Amino acid sequence: SKKKLYIACIGAGYVGGPTMSVIAKHCPEIDVEVVDVNKDRINAWNDSNLDNLPVYEPGLKEVIQKARGRNLFFTTDVKGAIERADIIFISVNTPTKVYGEGKGMAADLKYVELCTRQIAKYSNGDKIVVEKSTLPVRTAESIRRILEAEDSKHSFTVLSNPEFLAEGTAIDDLENADRVLIGSDETPFGLSALEKISSIYEHWLPKERVLKTNVWSSELSKLTANAMLAQRVSSINAISALCEQTGADVAEISHAIGMDSRIGSKFLNASVGFGGSCFQKDILNLTYLCRYFNLPEVAEYWEQVVKMNDYQKNRFANNIIKTLFNTVSGKKISFLGWAFKKDTNDTRESAAIYVADKLLQDRAEIHVYDPKVNSEQVIQDLLYLQKYRFVNNHDFESLPEEEVRDLVKVYNDPYSALKDAHAIAILTEWDEFKSYNWQEIYDNMHKPAFVFDGRNILTRTMMSKIGFKYQGIGSAEL
Ligand code: NAI
């Protein structure tokens with residue numbers, strides 16, 4: 001009989017948690033241990049009440065229920081997991097650097113390096129090390145060099161296997177992946193490791209969907225995918241600004257161009273702007289890499305995607321101020337949604353944070369309702385942005401924490417958040433917002449009752465009929 005295979009995954013976040021859960025579900029003969037230095041996070045993954053999992057994703061609970069305790073384990077025992085593992089996935093965070101060289105642009109690789117040194121320290125045999133985190137092209141080389149320098153007794157094979165899941169649809173994306181990408185070098189060790197990783201995914205995906213490339217292509221494909229996706233959002237958002245000046249309607253344009261099979265219909269919804277932990281950070285990282293390799297034109301091309309996104313968020317906030325007679329000071333602006341998209345509790349880089357930050361400069365009162373985000377998260381997001389605000393916003397003031405806590409209120413119930421509002425801003429496209437009793441909401445607001453729909457989830461016809469002054473993105477009554 002074959003020796004049992006052990007997997008360790010370092011980092012139990014939005015990627016490590018769901019990815020390893022789905023692998024464990026489909027590979028009952030493999031033991032999967034997900035480790036993290038964050039004890040609270042591990043405890044939450046082990047909570048018997050599945051509503052307390054640290055990541056909210058549709059379908060995740062069911063997968064956890066099936067595999068946890070059987071062949072899926074969440075633990076803080078980094079050393080033990082590394083010792084037991086044949087294959088080690090690195091799924092730690094790679095945020096934008098907030099200090100020093102490359103500040104505000106480069107990926108901060110300190111967590112990856114730390115984790116690499118831990119692997120070297122605790123390894124008791126040969127290991128396959130898999131980059132799951134999104135990394136700058138050629139990071140595998142640095143990982144290999146560190147491993148070899150720290151531990152010359154064992155052999156390490158470093159592969160790249162970037163993750164393409166999208167938050168909000170993570171489980172479905174993993175179960176029915178368009179493709180899985182694995183990059184390895186063409187040495188016998190590399191090729192044999194490649195087969196091992198590939199066979200994991202082939203438990204539930206057809207063989208043709210597992211793509212095999214060299215390591216550098218694999219690393220750079222992930223950055224490219226995110227850059228292209230974000231570019232589509234910024235492109236349609238750029239057009240939305242022109243629509244608002246001309247009477248063209250961006251939804252009609254998206255529909256019309258999306259029917260062209262060369263363009264395709266997905267990812268063409270105009271909005272207040274993209275958020276999430278990945279798009280901005282990965283493009284900034286790509287931009288930094290291009291400058292590093294002395295390709296300034298390429299760097300500027302991609303950087304513009306982030307600039308357009310900042311412009312869109314800023315434009316949305318400025319429009320609220322302008323429409324409310326050029327003053328929002330002391331006015332109640334109610335936010336529907338704080339998460340960066342629907343069906344996730346993740347708020348990293350959410351457009352809501354930037355819009356709120358801008359309105360707070362004018363001392364608006366922000367009243368927030370989001371079905372999955374708690375009050376402390378909202379406050380911490382705002383304080384974090386005030387601390388590390390680099391992109392374009394040098395002239396912004398940072399308010400003292402007490403003032404932020406005073407001006408920002410978070411509710412467990414939407415109708416309380418919306419009562420007596422001067423304006424409503426929709427920042428996340430949660431489905432439930434569509435089915436609210438908008439007549440009742442209107443009756444309980446100050447008039448004129450303004451709605452700024454940053455996600456185009458409501459219709460002007462319905463909202464105007466009730467009496468709202470409604471503004472979507474990319475369409476205006478001229
Ligand atoms: P996350 O911040 O949710 O999770 C990372 C976890 O790693 C944290 O819980 C942290 O405590 C842990 N960690 C850091 N250093 C550690 C160490 N030395 N030992 C043990 N644990 C350690 O991050 P997330 O969102 O899961 O992202 C991880 C990587 O995957 C990033 O590189 C990201 O770019 C990439 N990615 C993220 C996607 C997403 O939708 N969030 C999608 C595809 C890729």
Give the residue that is farthest from the ligand (Cβ to nearest atom), with candidates limited to residues of segment 107-131 that are surrounded by fewer than 22 Cβ atoms within 10 Å (Cβ to Cβ) and charged (D, E, K, R). ASP126
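State yes or no: is ASP343 within 18 Å of the chain's Cα centre (by Cα) and assigned by TED's automatic domain parsing to the domain that holds THR428?
Judged against the criteria, ASP343 is a match.
Is it true that some residue in segment 362-377 is away from the ligand (no atom under 16 Å from the Cβ) and part of a helix (DSSP H, G or I)?
Taking segment 362-377 first, the residues away from the ligand (no atom under 16 Å from the Cβ) are 362-371, 374-376.
From the residues that got through so far, the ones that are part of a helix (DSSP H, G or I) too are 375-376.
Yes, because at least one residue in segment 362-377 is away from the ligand (no atom under 16 Å from the Cβ) and part of a helix (DSSP H, G or I).
Where in segment 389-453 are there helices (runs of 4 or more DSSP H), lying wholly inside it, with at least 3 residues that are in contact (Cβ under 8 Å) with a residue 24 or more places away in the chain and within 17 Å of TYR354 (Cα to Cα)? If you could, list the steps in order and put the result at the bottom.
Numbers: elements: 401-407, 414-418, 438-443.
Here the list reads 401-407.
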Within segment 392-414, does at least one residue satisfy the condition of being under 23 Å from ASN269 (Cβ atoms), modelled with pLDDT of 95 or more and within 26 Å of the chain's Cα centre (by Cα)? yes
Would you be able to tell me the number of residues in segment 141-157 that are buried (at least 23 other Cβ atoms within 10 Å of the Cβ) and within 14 Å of the ligand (Cβ to nearest atom)? 1
List the residue pairs whose Cβ atoms are under 9 Å apart, where the first residue sits in segment 278-292 and is assigned by TED's automatic domain parsing to the domain that holds SER350, the second is within 15 Å of the ligand (Cβ to nearest atom) and among the aromatic types (Phe, Trp, Tyr), and the two are 6 or more positions apart or on different chains. GLN280/PHE274
Has segment 339-350 got at least one residue that is in a loop (DSSP other than H, G, I, E, B), aromatic (Phe, Trp, Tyr) and in contact with a strand residue (DSSP E or B) (Cβ under 7 Å, 6 or more places away or on another chain)? no
The lone exception for MET463 - which of (1) in contact with a strand residue (DSSP E or B) (Cβ under 9 Å, 6 or more places away or on another chain); (2) in contact (Cβ under 8 Å) with a residue 40 or more places away in the chain it fails: (2)
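With the condition kept exactly as written, say whether any residue in segment 187-210 is in a loop (DSSP other than H, G, I, E, B) and either within 16 Å of the ligand (Cβ to nearest atom) or of a type in the set (S, T, N, Q) (or both).
Taking segment 187-210 as the starting set, the residues that turn out to be in a loop (DSSP other than H, G, I, E, B) are 187, 202-206.
Narrowing the set further to residues that are either within 16 Å of the ligand (Cβ to nearest atom) or of a type in the set (S, T, N, Q) (or both) leaves 187.
There is at least one residue in segment 187-210 that is in a loop (DSSP other than H, G, I, E, B) and either within 16 Å of the ligand (Cβ to nearest atom) or of a type in the set (S, T, N, Q) (or both).
When you scan segment 315-334, how many residues do you find that are touching a residue at least 60 places away in the same chain (Cβ under 8 Å) and more than 19 Å from ASN269 (Cβ to Cβ)?
Going residue by residue through segment 315-334, those that are touching a residue at least 60 places away in the same chain (Cβ under 8 Å) are 315-316, 319-320, 323-324, 328, 331-334.
Okay, now just the ones that are also more than 19 Å from ASN269 (Cβ to Cβ), so 320, 323-324, 328, 331-334.
Counting residues in segment 315-334 that are touching a residue at least 60 places away in the same chain (Cβ under 8 Å) and more than 19 Å from ASN269 (Cβ to Cβ) gives 8.
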Check off (1) in contact (Cβ under 8 Å) with a residue 60 or more places away in the chain; (2) among the acidic types (Asp, Glu); (3) surrounded by fewer than 18 Cβ atoms within 10 Å (Cβ to Cβ) for GLU163 and give me the number that stays unchecked. (3)
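The values are calculated or read from the model by the stated rules, or taken from the named source; none is laboratory data. Everything quoted here is computed from the prediction, not taken from an experiment. Don't worry about glycine lacking a Cβ; one is built from the backbone with ideal geometry, like all the others, and counts go over all protein chains shown.
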